[in-house]
Amino acid sequence: MSQTHRVYRLVKRPKGTPDRDTFDLSEEPVPEPGPGEALVKTLYLSVDPYMRGRMSAAESYAEPWDVGDPLRGAVVGEVVESNGAGFDAGDVVTGDLQWADYATAPGPALTHVDPDRGPISTALGVLGMPGLTAYFGTTEVARPSAGETFVVTGAAGAVGSVAGQIAKLRGARVVGFAGSDEKVAFLEDDLGFDAGINYATTDDYRAALDEAAPNGVDAYFDNVGGEITDAVFTRLNTDARVAVCGQISQYNAEEMPVGPRKLAQVIQTRATVEGFLVSDFEPRFEQAATRLGQWVASGEITYRETVTEGLENAPDAFLGLFEGENIGKQLVKVAER
């Protein structure tokens, strides 16, 4: 192991869309684990849309990074050295760690990854936080049932692709919005969605919904917000449930746009609109992960990963999320095990 490693730090707060100048890759000494800590070699790094909020000083559910701080994200890594952390060298773990080749963390902040459950990268995707978000947002908030229509935005992403499949397992008609013909084909041909809508080439979202969801919308899993959500709200059925998971269309806005007023539609339909965080369900994570693992093992849920090679390319992988470049979970492969 070398004596130095690479670390990404936030060097400025972006205005609007971040760019490469938002990030600085520095060479620093490899940290030593203190008492109760482990030194972890990064194998895979997750980049996620919520990280955009942590680059801003504005109040959010995720604490903002200070300028000069290392960036952080979900990591799957290999324990190199344990100083009473409760792990052995060679163990594969996951945790919220730095965008870096190596990081230290206290034992309770790390979770063992069972390679027998699936490829270790899935601990950051379908069997990790995105999968859990999809599971609870669908089963506990949107609650689609047999014969209902379930609509999901960001449908070809890590969360939306799993949410739609869970809704399908529950017997719903599933409609997904995605940003290319390739992604629509992925939804319909690979995941079994009943219909996909390419929002990038669709001029009239309401008309597209009328065709794809002729009986209206009973459950809506929103990852995107904006004009698509405005259109979906006009097609909500009585007692519809809306799960607000993300608003990626707004994350880079310098001023929050004011869209058409849609709350009257909620009055008319008696719809329930509920925002949620996956952390709300933490006591049930293991139960949900086991169920997701069973579905993946049986082939009832499939997944895709978009893998960018090299820590040095992590900013490009992150920025690509806002251009819709990924299908499924976006990962950065940092090192071999």
Extent along principal axes [Cα atoms of the range 190-337; Å; largest to smallest]: 55, 38, 30
For the chain: span of alpha carbons on each principal axis (Å, largest first): 62, 44, 33
Around F285: net Lys/Arg minus Asp/Glu count, Cβ-Cβ under 15 Å: -3
Distance between the range 270-302 and the range 134-178 - C-alpha centres, whole angstrom: 11
Separation of alpha-carbon centers, the range 320-337 and the range 21-60, rounded to whole Å: 16
Per DSSP, loop GluC sites (Glu not before Pro) in the range 1-91 with at most 16 further Cβ within 10 Å: E59
The range 183-241 and the range 85-100: distance between their alpha carbon centers, rounded to Å: 40
Distance in nm between pseudo-label sites at S145 and E27 (7 Å out along the Cβ direction from Cα): 6.3
S145 accessible area, assembled protein chains, probe 1.4 Å, Å²: 50
Cut-off under 5 Å, modelled amide H: who pairs with L10 long-range: G68, D69, L71
Of G293, V242, P283, farthest towards positive along the dipole that unit charges on Lys, Arg, Asp, Glu beta carbons give the range 178-337: P283
Amide H partners (placed H, <5 Å) of G157, local residues excluded: G328
Within-12-Å neighbourhood charge of T308 [Cβ basis; K, R +1; D, E -1]: -3
Ellipticity estimate at 222 nm from DSSP helix runs (n ≥ 4, -39,500 (n - 2.57)) divided over the chain, nearest 500: -6000 deg cm²/dmol
³J(HN,Hα), Karplus 6.51/-1.76/1.60, whole Hz, each residue of the range 305-311, x for Gly, Pro: 10, 9, 10, 9, 8, x, 4
Rel. contact order, % - alpha carbon contacts under 8 angstrom, at least six apart, the chain: 17
Stretch gain in nm, segment D69-K12, where the contour uses 0.36 nm per residue and the Cα spacing is subtracted: 19.5 nm
Charge tally in the Cβ shell below 12 Å around A158, where Lys, Arg are +1 and Asp, Glu are -1, A158 excluded: 0
Percent carbon-and-sulfur accessible area, the chain, ignoring ligands, DNA and RNA, probe 1.4 Å: 46
Label-point gap, in nm, between A264 and A297 - each point 7 angstrom along Cα→Cβ: 5.3
For F221, distant residues with modelled amide H under 5 Å away: V151, V152, T153, A243
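The values are calculated or read from the model by the stated rules, or taken from the named source; none is laboratory data. In this text, all values refer to a predicted model and were calculated from it rather than measured experimentally. Quick reminder, even Gly has a Cβ in these numbers, built from the backbone with ideal geometry, and neighbours come from all protein chains shown. Note: areas computed on protein heavy atoms with side chains; ligands, DNA, RNA excluded. Shrake-Rupley method; radii C 1.70, N 1.55, O 1.52, S 1.80 Å.
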